[in-house]
Amino acid sequence: MRKVLFVGLSQAALVAALVLVAGPATPARAQENPFDTLIDVRMGERVFRAQCGRCHGRDARGNDETGAPDLTTGQFARASTDAGMFSVIRDGIENTAMIGISPRASDQTVWQIVSYINSLNLDPGDYDLPGDAARGEQVYAGADCSSCHMIGGEGGRTGPDLSTVGSRLDPDELASSLTDPDAEVAPRWWTVRVNRADGSTVEGLRMNEDTFTVRIMDSDENLWSFMKSDARSLERIKTSTMPAAENLTGSEVDDLVAYLFSLRRES
Amino acid sequence: MKRLATVFVLTALALPAAVTAQDDGGPSLRPVTWERLLNAADEPENWLMYSGTLDSKRYSGLEQIHNRNVGNLELKWAYQIPEIDRAETTPLVVDGVMFVTEAPSNVVALDAATGRQYWRYNHELPDDLRICCGRNNRGVAILGETLFMSTLDAHTVAIDARTGNLVWNTETAPHASGYSKTAAPLIVKDQVITGIAGGEYGIRGFLDSYDAASGARNWRTYTIPGPDEPGNQTWLGESWRTGGSPTWITGAYDPDLDLVYWGTGNPGPDWNGEVRLGDNLYSDSVLALDGENGNLEWYFQFTPHDIHDWDAIQVPILGDIRYEGEMRRVMMWANRNAFYYTLDRETGEFLVGKPYALQTWAEGLDENGRPIRVPNMEPSPEGKLVSPTIGGGTNWWSPTFSPRTGLYYVNLLHPR
């Protein structure tokens, strides 16, 4: 055991040395996207639906089960340039479920998919919003939203972080998440009620779950972890814990939407 | 390297009857105050910072596992790191929650009793990173309810410990100029002390302090003196500008002396010393900085004018030991250059220095701890065999000191 570890460490040191000598690997492809017209976007979308949708979702919004990320946000962990995205689509991402596109696909097709993905990023300039963002910020402060939501590290933990919600949701979706929170509740925000063997009950937002275990955050922001086999029963409540914005006027909702839509990462 | 990484899974081993930190499944995670960090040794069930305690002893006070029952350990859980790359992290354990960093610059919060995930933070990285030695991260620091992490694009980020939400994100240095960050920060009062990597890419190293609450920088101390500062003349011409001397392993802190101790890496370029003639201060050194403002209080250079890539990137271990009949506040350091050193940590005075692994480059150390070099050991086009190798007698691997045995333990490379 110790021997193995020893060899492992010296190998690591050697590799460090070799990498050093070789210098950083530079990607060979680095060019501008030649296929970025509207028709390219549409063609890219068709291929995307057929080949990528099963993991990323037909609307490219991502899928928790497959681990395929949302591609509509304009923020990419692995593809901050067009050329970088081209390589990700062409070659895949080593050691992940992200496999490269079929080798039969032409470079043109790959560039068209890049154009399609780029088109999904919401541009605030494309929208003419009735509300006013500065007033919306005041509504936000007055309506106790921050007891559940964080913006820039400030606020509560029993709702999604809204720091960049404007690049995730479009104005219609923002409005409906305010007026009709129950319409679409992601599993992360379901409530799980754990009835324990000793008769007590713990309830909280579903942070993470697998076949045998579940982890939740209770309303006091405490973390809990349970083996399902230790629980007497488990209930899932799929409605939202967010109160509908009933006592806000229509124009206050408009202002809130304008404010929330302005929350995006400066690039 | 790849093969190595593939088999790396973080495993938790426990005795069959082991008691877990939270018997009833929670609630867990109390805020980690500065008071708790100061007294981290009193919470052996936790591991609250990179080296366990501020004095970096890396000694566990837990007694349940020992040499007579270690053979009975059985696998309790395994957590598989999804991203296959370097795994050189030290997880933190805080009240039953384990924080593990992963390549490239991600962190997960796990239930320490089951290895199951609470949340994950994936840091977005640009495509044009410049990193010498693998995509790597060595761990987080915690203060209050916030984690602090270095990222490969040379940012420092603050992350909410309960949710993984991003709290702040501060650029430390431009990654396109060769800067990157891998080391776990060190908390000193309300400051996040954090180093820099990139010694192979012509950077000028430094150590930074950021305000934990806001991410604003309090101070920066360069590890290479500027033109008006003493020591700058130890670099030929303008070579100080790109001389490396990075700070990529977490240091230590002495609250009584209010001194921050940090090691520095190799001067650059690594093996080509003619372009940077001189001692090249403060590369391959340990620096003692004022905990308030980062002023340099003393330094000790292990390898003047290094030409073998022997970074002084080791964890400084602080201990109080008997030396020549009196108790001394010392620092213990097995260096990559294959010598072990004991220094007085109040003054930087050299007390003891001896080889601990095979070395052929120095006849010994003089009374100030400066190496007496064997002539003609420079790298050459024909090749020159020298011990230790560029990997060093040891490297960044954590040593430890046991107050029980009074012994210092270190992983080393020594040819048979």
Distance-filtered residues of the stretch A:126-142 - backbone nitrogen under 18 Å, label point 7 angstrom along A:Ala183 Cα→Cβ: A:128-131
Rounded to whole Hz, the Karplus (6.51, -1.76, 1.60) HN-Hα couplings of the stretch B:240-252, x for glycine and proline: 4, 5, 10, x, x, 6, x, 9, 9, 10, 4, x, 9
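What whole-number volume per residue, in cubic angstrom, does the convex hull of the C-alpha atoms of chain B give? Numbers along the way, then the final one.
Values: hull volume 64.3 nm³, N = 416.
For chain B, the hull spanned by Cα atoms encloses 154 Å³ per residue.
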Linear extension gain, B:Glu274 paired with B:Glu74, 0.36 nm per residue minus alpha-carbon span: 66.5 nm
Neighbour cut-off at most 14 other Cβ (10 Å), DSSP loop, trypsin sites (Lys or Arg not before Pro), the stretch A:204-238: A:Lys238
Globularity index of the protein assembly as shown, i.e. its alpha-carbon radius of gyration over 2.2 N^0.38 Å: 1.03
1.4 Å probe accessible area per residue over the protein assembly as shown, in Å²: 46 Å²
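What trypsin sites (Lys or Arg not before Pro) does the stretch A:81-156 have in DSSP loop regions with at most 12 other beta carbons within 10 Å? Numbers along the way, then the final one.
Details: sites: A:Arg90, A:Arg104, A:Arg135; in loops: A:Arg104.
When the trypsin sites (Lys or Arg not before Pro) of the stretch A:81-156 are filtered for loop state and at most 12 Cβ neighbours within 10 Å, A:Arg104 remain.
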A:Cys55 accessible area, assembled protein chains, probe 1.4 Å, Å²: 40 Å²
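What longest range of chain A stays clear of loop-exposed GluC sites (Glu not before Pro) (DSSP non-H/G/I/E/B, at most 14 other C-beta within 10 angstrom)?
Values: sites that count: A:Glu32, A:Glu65, A:Glu94, A:Glu184, A:Glu246, A:Glu266.
In short, A:95-183.
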1.4 Å probe, heavy atoms, protein only - residues of the stretch B:161-206 losing at least 30 Å² accessible area vs chain alone: B:Arg162, B:Thr163, B:Asn165, B:Leu166, B:Val167, B:Tyr201
Values of log10 I(q)/I(0), in the order q = 0.11, 0.15, 0.20 Å⁻¹, for the stretch A:175-267 under a Debye, Cα-only, solvent-free model: -0.45, -0.70, -0.94
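In the stretch B:312-416, what percent of the accessible surface is made up of carbon and sulfur (1.4 Å probe, ligands and nucleic acids excluded)? List each step's numbers first, then the result.
On the way: 2740 of 5290 Å².
That fraction is 52 percent.
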Candidate aspartates and glutamates - alpha carbon under 17 Å from B:Lys189, same-chain residues fewer than 8 apart omitted: B:Glu35, B:Asp55, B:Glu145, B:Asp208, B:Asp211, B:Asp254, B:Asp256, B:Asp258, B:Asp290, B:Glu292
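What is the mean projected area of the alpha carbon convex hull for the stretch A:85-241, to one decimal in square nanometres? Can you show the working numbers first?
Working: hull surface 54.1 nm².
Average projection, Cα convex hull of the stretch A:85-241: 13.5 nm².
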Proximal aspartates and glutamates to B:Lys354, defined as alpha-carbon separation beneath 20 angstrom and excluding residues fewer than eight positions away on the same chain: B:Asp284, B:Asp306, B:Asp309, B:Asp311, B:Asp320, B:Glu324, B:Asp344, B:Glu363, B:Asp366, B:Glu367
Extension gain (nm, one decimal) between B:Ser402 and B:Ala213, 0.36 nm per residue minus Cα-Cα: 64.6 nm
Members of the stretch A:211-229 that become less accessible by 40 Å² or more once partner protein chains are added (1.4 angstrom probe, chain alone as reference): A:Arg215, A:Leu223, A:Trp224, A:Ser225
Over the stretch A:187-237, volume per residue of the alpha carbon convex hull, in Å³: 67 Å³
Length added when fully stretched, B:Asp42-B:Tyr222, from 0.36 nm per residue minus Cα-Cα: 61.3 nm
Rounded if a/c under 1.5, otherwise prolate or oblate - the stretch A:38-121, Cα gyration tensor axes: rounded
Amide H contacts under 5 Å for B:Tyr118, placed H, 5+ residues apart: B:Ala109, B:Leu110, B:Asp111
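Where does chain B land at 222 nm, in deg cm²/dmol rounded to the nearest 500, when only DSSP H runs of n ≥ 4 count, each adding -39500 (n - 2.57), divided by all residues? Present the calculation step by step, with values, prior to reporting the outcome.
Working: 2 runs with 10 residues, N = 416.
It comes out at -500 deg cm²/dmol, rounded to the nearest 500.
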Label-zone membership for the stretch B:135-164, site B:Ala176, 7 angstrom Cα→C-beta point, backbone N under 15 Å: B:153-154
FRET efficiency estimate (nearest 0.05) - Cβ-Cβ, A:Ser219 to A:Asp172, R0 35 angstrom: 0.70
Amide H partners (placed H, <5 Å) of B:Ile196, local residues excluded: B:Phe206, B:Thr247, B:Trp248
Under DSSP loop assignment and at most 12 Cβ neighbours within 10 Å, longest GluC sites (Glu not before Pro)-free interval of chain B: B:64-237
Pair B:Ser380, A:Thr211: separation of 7 Å Cα→Cβ label points (nm): 6.5 nm
Derived scalar couplings ³J(HN,Hα) [the stretch A:194-210; Karplus, 6.51 cos²θ - 1.76 cosθ + 1.60; whole Hz; x for Gly, Pro]: 9, 8, 8, 4, 7, x, 7, 10, 10, 10, x, 6, 7, 7, 6, 8, 9
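Indicate the gyration tensor shape class of the stretch A:119-165 (rounded, prolate or oblate), computed on the Cα atoms with a ≥ b ≥ c the square roots of the eigenvalues: a/c under 1.5 is rounded; otherwise a/b larger than b/c is prolate and the rest oblate. Write out the running numbers ahead of the final one.
Working: a/c = 3.24, a/b = 1.47, b/c = 2.21.
Oblate, since a/c reaches 1.5 and b/c is not below a/b.
Compute the Cα gyration tensor for the stretch B:185-409, then decide on rounded, prolate or oblate, letting a ≥ b ≥ c be the square roots of its eigenvalues: rounded whenever a/c is under 1.5, prolate when a/b is larger than b/c in the other cases, and oblate in all that remain.
On the way: a/c = 1.78, a/b = 1.11, b/c = 1.60.
Oblate, since a/c reaches 1.5 and b/c is not below a/b.
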Cα-projected label distance for A:Arg42 with B:Tyr299, points at 7 Å along beta-carbon direction, nm: 6.6 nm
Accessible surface, 1.4 Å probe, highest first, among residues A:Ile93, A:Ile99: A:Ile99, A:Ile93
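Using a Förster distance of 51 angstrom, determine the FRET efficiency expected from the C-beta separation of B:Glu363 and B:Glu35, and round it to 0.05. List each step's numbers first, then the result.
On the way: r = 49 Å, r/R0 = 0.95.
The value I calculate is 0.55.
The values are calculated or read from the model by the stated rules, or taken from the named source; none is laboratory data. Since the model is a prediction, treat every value here as computed from it, not as a measurement. As a convention, Cβ positions derive from the backbone with ideal geometry for all residues, glycine included, and neighbour counts pool all protein chains shown. Keep in mind that these areas ignore ligands, DNA and RNA; they rest on the heavy atoms of the full protein, side chains included. Shrake-Rupley method; radii C 1.70, N 1.55, O 1.52, S 1.80 Å.
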